[in-house]
Amino acid sequence: MTLTDAERELFERVRVQQGLASIDQVVEWLAKSRLRQLVRQGTGSPRALHLVPRNQPRDEA
């Protein structure tokens with residue numbers, strides 16, 4: 001990912017503030033925060049974000 005100096009500075013401030021180890025973690029944290037905010041706006045309540053496993057067979061009923 002290509003960042004401007006201003007973006008890198010902003011991400012670095014967020015990294016320190018949130019106690020994250022890398023800029024990649026900052027990007028992930030910001031994306032999840034935004035998703036939670038959008039979900040809350042759409043549903044009126046917070047929802048947990050979980051990874052959905054891929055390539056698992058479905059139970060056939």
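The values are calculated or read from the model by the stated rules, or taken from the named source; none is laboratory data. Given the structure is predicted, the values throughout are model-derived calculations rather than measurements. Every residue, glycine among them, receives a Cβ derived from its backbone with ideal geometry; neighbour counts consider all protein chains shown. Please note that ligands, DNA and RNA were not included when accessible areas were found on the heavy atoms of the full protein model with its side chains. Shrake-Rupley method; radii C 1.70, N 1.55, O 1.52, S 1.80 Å.
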Exercise. Which residues, counting only those in the range 9-32, are among the basic types (Lys, Arg) and surrounded by 12 or more Cβ atoms within 10 Å (Cβ to Cβ)?
Worked result: ARG15
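Residue-wise test of (1) at pLDDT below 95; (2) part of a helix (DSSP H, G or I); (3) touching a Lys or Arg at 6+ places or on another chain (Cβ under 8 Å); (4) open to solvent by 80 Å² or more (accessible area, probe 1.4 Å).
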residue: MET1; (1), (2), (3), (4): yes, no, no, yes
residue: ARG34; (1), (2), (3), (4): yes, yes, no, yes
residue: GLY42; (1), (2), (3), (4): yes, yes, no, no
residue: PRO46; (1), (2), (3), (4): yes, no, yes, yes
